[in-house]
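All remarks here apply to the structure that follows.
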Ligand code: GLA
C-alpha cells in the first residue's frame, strides 16, 4: 500500500515500511525496515547549527548539508561526498547535477518494462519525478509486493534537453540507513564452488563487490544481505538485496561519517558509459529490497516468496517439475542413438520422467572445440534425427529434452565460416577464446534474429518438452560495430539476450527451460524471469552441494535449484559418498540423475527406484514448501540441516547431513522452529541403505564367518544386497520440536554397533518425515 500525505510518503508491505519526507526540493529517506506509525518530526534529520567543514547545500534549506541527509537521489558534486547512484557528464563537460522534485504519482499494478525483465503483479507503484540540470529528468520507481515484504526500485533517466549527455553511472537505487554496526554477506565463488557465503564487518569505507564478466557470474552473485551483528537464522534484523538483471552488476555498502551507511546496486559502472540523446530514456534494472526482523531465514522467506510469486512465470510457478536423467556425465560427447535409448530404458525402469540429451548432438561436435552456432543434427550419432529420437524416447514413456548454447559460436562451424563478423571481437586484435569458443554479438539485431529463428525452428522440429540453455564463457574483446559508444556494449548485449528470450518464450510457453552457464555462473533473478529453474552448479559432489545449495538458498528458493545425483568417485572432486546422501541433498531441489544408469549394480537400481518413489510422493513439498536453514555446513562441525514445511504446517521434511565424520561426537538435538507448536507430529526417518563395503575389514568383526573384504564374494554380495539402516520414530508436539528438539540415536563411534546405531560415514545424511497426527 502506498500513501501520500502532503510531505510524507509511506510505502508499506505486510511487515515492512519505507518512508520518505519532503525536504526542500528533495525527499529524505526517513526509515526503511519494520513497519511503523511514521511521524515526520520524529524521523527527520535535525540540522540546526550545522557541522564543522560542511558544505551547505542551498540557502533556502537552512544549514542542510547533503552529507548528513538520507537520500534516494543525491545532487552530484554538491556536498554529498558519498558515492551517488547517478553520475552524468553534461554536454558542457560538467558533472555537477542538481535535482528538483516535480511530482509523485501512485499507480496500480506493475511498472512494465519493454526491454528488461521485471517482477510481475506488484500491488502498486510510485513514480517520483525530478528534473535536473541540462534538461534531465529522473523517475524513481518504487513497487510494492505486500505479501513478500518486498519493495523494488529502479531509476529511469530521460534526456528532455536539446543535447546529448553521457551516463557514467546509472544504478538502480541508493538507500541510506543508520549504521548500527552491521555485517555484510555476499555470495561468491568460481566455477564449481558457487555462492559460498563471504562475511565482512562493515567498517568505515566502501565495501564494493560485483561482476564484470558480462554476466551476473559465479564470482559474485547479485544477491547480498546486511544484518545486525548478532542476527541468527531465526532472529535479528536482516536486509536482503537483489537485481532482476543478468549482466555486469555492482553493489556497494559505504559506511560514511555521521553514523550512516549507503547501500547501492545496479549495472556495473566499470566499463559502462551510455549516450543519452535528446528524447531518449535509459532504464536501470529493477532491484529487490527486503527486510525481516525474523533473522536470515525470515529474510530468505521474503526472497523465496518474491521469486515464486513475482519472478518465475505464472505458467511454471507452482507446476511440479519432472525428474530427469541427463546423459552428460554418463557419456560426455561419446554417444549414439543405441546408447541413449539404453539409458532411457533403464531410466524409465527406475521411475525417471524426462530424458535430457546434453551437448554433442549437432554439427561436428565430438569435443568442445567445434560446432557451436550450427543446429543440424549429427546423423552419424543420431540416424533418425531429433524427431526420430524424441519419438523413440516418448515410446519408452519419457519426455524428451535437449541442450543448446545459442549465445556462442565455434570457429570450426558453418556459422563462423559464413559470418565471422558476428563473433565479438575488437578491431585489429585477435579475440581471446574461452572453452575454445567465441561470443556472438547479441547487440546486433540480425544476430538476435538468427538465434530466434534457429531455436524456434529447432523447438518445433521434434517433440521437445524441456531445454537446457547453456552459456559457457565470459565475455572479452567487447566491441560491436552496431554501437557508436562501446561503453554501451555489455548492457546492449544483455538487452539483446533478453529480446531473444522474450521472443522464444512467447512462442513456446509450455516448454520447461532450465538456465545453465558453466553450471551456476548465471544464477540470477533476470534469468529466472525466463527460466523457472537453473543448473545450480556443475559440481554434484554431495559435500560441495551442501555448501552451494545452502549459499544459494539465502536469496533463491529450492524450486529454482536443479540438483542431480551423480556417480562416484565424483567427477569434480574425485570424492566418494553414499548414494543415499547424494539423493538426500539433491532432493531439496529439482531432482535429476546424471550417471550411467545402465552400469549400476542391481542393489543401486533398487535404491534409485525407492528414492524416486519417495521424491514423487513428496514432490510438491520438496519443490515448493517453505525452505529453512537450521544448521549451516559453513559452521558447526560442517553439519547441514534443512527443513521444508507445507503451507498448512501439517507436513515437513528434514534433511540432516554431516561433512567429515568425527568420532565420539554427539549431535545437536533436532530443533524444528517452523512448525505449529500445538500440533502433535509423527517423526520418522526415510528407510535408507548402506553399501556393506563401507565397513572394509571391520565387517569381519560383525559377521559369523571370516571374509576377504576386498574379495570377489563381497563385491558380488554387495552388488545385490544393501544393509538397511536404523529406523527412528518419535511422536512430539510442535513446542517440543521448536524449543527442545529431539535427541537422535547415537551415531557410530567404533565402540559398538546395534540396529539402533546411526551409521553416518563421511557425508552421511538422512531425511525425516514429519507429519501431523
Ligand atoms: C557446461 C554445463 C554442463 C554440460 C556441459 C556440456 O559445462 O554446465 O552441465 O552441459 O556444458 O558441454
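The values are calculated or read from the model by the stated rules, or taken from the named source; none is laboratory data. From a predicted model like this one, the values you see are computed outputs, not experimental measurements. A quick note on method: Cβ atoms are made from the backbone with ideal geometry, for glycine too, and the neighbour counts reach across all protein chains shown.
Can you tell which of 551, 515, 519 is more than 14 Å from the ligand (Cβ to nearest atom) and either in contact with a helix residue (DSSP H, G or I) (Cβ under 8 Å, 6 or more places away or on another chain) or not assigned by TED's automatic domain parsing to the domain that holds residue 660 (or both)?
Details: 515 fails: more than 14 Å from the ligand (Cβ to nearest atom); 519 fails: more than 14 Å from the ligand (Cβ to nearest atom).
Unique residue meeting the criteria: 551.
Look at the stretch 698-719 and say how many of its residues are surrounded by 11 or more Cβ atoms within 10 Å (Cβ to Cβ) and in contact (Cβ under 8 Å) with a residue 12 or more places away in the chain.
Looking only at the stretch 698-719, we keep the residues that are surrounded by 11 or more Cβ atoms within 10 Å (Cβ to Cβ), and these are 698-700, 703, 707, 709, 714-719.
Of the ones still in play, those that are also in contact (Cβ under 8 Å) with a residue 12 or more places away in the chain are 699, 709, 714-715, 717-719.
Qualifying residue count for the region: 7.
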Checklist entry - Any residue at all in the stretch 36-49 that is touching a residue at least 60 places away in the same chain (Cβ under 8 Å) and surrounded by 13 or more Cβ atoms within 10 Å (Cβ to Cβ)? => result no
Item to check | Members of the stretch 619-637 that are free of Cβ contacts under 8 Å to residues at least 60 places away in the same chain and surrounded by fewer than 20 Cβ atoms within 10 Å (Cβ to Cβ) | outcome: 621, 635, 636, 637
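Residues checked against (1) assigned to a loop (DSSP other than H, G, I, E, B); (2) in contact with a helix residue (DSSP H, G or I) (Cβ under 8 Å, 6 or more places away or on another chain); (3) at pLDDT below 95:
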position: 591; (1), (2), (3): no, yes, no
position: 609; (1), (2), (3): no, yes, no
position: 619; (1), (2), (3): no, no, no
position: 623; (1), (2), (3): no, yes, no
position: 637; (1), (2), (3): no, no, yes
position: 654; (1), (2), (3): no, no, no
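How many residues are in a loop (DSSP other than H, G, I, E, B) and touching a helix residue (DSSP H, G or I) at 6+ places or on another chain (Cβ under 9 Å) when one looks only at the stretch 522-537? Please lay out each step first, then the result.
Applying the first criterion (in a loop (DSSP other than H, G, I, E, B)) to the stretch 522-537 yields 522-524, 529-532, 536-537.
Keeping just the survivors that are touching a helix residue (DSSP H, G or I) at 6+ places or on another chain (Cβ under 9 Å) gives 523, 529-532, 536-537.
Qualifying residue count for the region: 7.
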Next on the checklist: If I ask for residues that are in a helix (DSSP H, G or I) and either more than 18 Å from residue 261 (Cα to Cα) or touching a residue at least 60 places away in the same chain (Cβ under 8 Å) (or both), which ones from the stretch 59-88 would you list?
Outcome noted: 59, 60, 61, 67, 68
Checklist entry - Could you say which residue among 250, 241, 306 is without any contact (Cβ under 8 Å) to a residue 60 or more places away in the chain and surrounded by 20 or more Cβ atoms within 10 Å (Cβ to Cβ)? => result 241
Checklist entry - Out of the residues in the stretch 288-330 that are in contact with a helix residue (DSSP H, G or I) (Cβ under 7 Å, 6 or more places away or on another chain) and within 16 Å of the ligand (Cβ to nearest atom), which is farthest from residue 241 (Cα to Cα)? => result 330
Next on the checklist: Scan the stretch 487-501 and tell me whether some residue there is within 18 Å of residue 407 (Cα to Cα) and part of a loop (DSSP other than H, G, I, E, B).
Outcome noted: no
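Could you count how many residues in the stretch 434-449 are buried (at least 19 other Cβ atoms within 10 Å of the Cβ) and away from the ligand (no atom under 16 Å from the Cβ)?
Step one: filter the stretch 434-449 for residues buried (at least 19 other Cβ atoms within 10 Å of the Cβ), giving 437-444, 447-448.
Now restrict to residues that are away from the ligand (no atom under 16 Å from the Cβ): 440-444, 447-448.
Total meeting the criteria: 7.
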Checklist entry - Among the numbered criteria (1) within 16 Å of the ligand (Cβ to nearest atom); (2) under 26 Å from residue 514 (Cα atoms); (3) surrounded by fewer than 20 Cβ atoms within 10 Å (Cβ to Cβ), which single criterion is violated by residue 412? => result (2)
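Take residue 525 and tell me if it is under 26 Å from residue 354 (Cα atoms), under 19 Å from the mean Cα position of the chain (by Cα), away from the ligand (no atom under 16 Å from the Cβ) and not assigned by TED's automatic domain parsing to the domain that holds residue 119. Walk me through how you get there before you give the answer.
On the way: under 26 Å from residue 354 (Cα atoms): yes; under 19 Å from the mean Cα position of the chain (by Cα): yes; away from the ligand (no atom under 16 Å from the Cβ): yes; not assigned by TED's automatic domain parsing to the domain that holds residue 119: yes.
In short, yes.
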Next on the checklist: Name the single residue that is farthest from residue 336 (Cα to Cα) among those in the stretch 368-381 being surrounded by fewer than 17 Cβ atoms within 10 Å (Cβ to Cβ) and free of Cβ contacts under 8 Å to residues at least 60 places away in the same chain.
Outcome noted: 376
Next on the checklist: Taking the criterion of being free of Cβ contacts under 8 Å to residues at least 24 places away in the same chain and more than 23 Å from residue 531 (Cα to Cα), would at least one residue in the stretch 397-414 satisfy it?
Outcome noted: no
Checklist outcome for this item: Within the stretch 331-361, of all residues that are touching a strand residue (DSSP E or B) at 6+ places or on another chain (Cβ under 8 Å) and within 12 Å of the ligand (Cβ to nearest atom), the one nearest to residue 612 (Cα to Cα) is 356
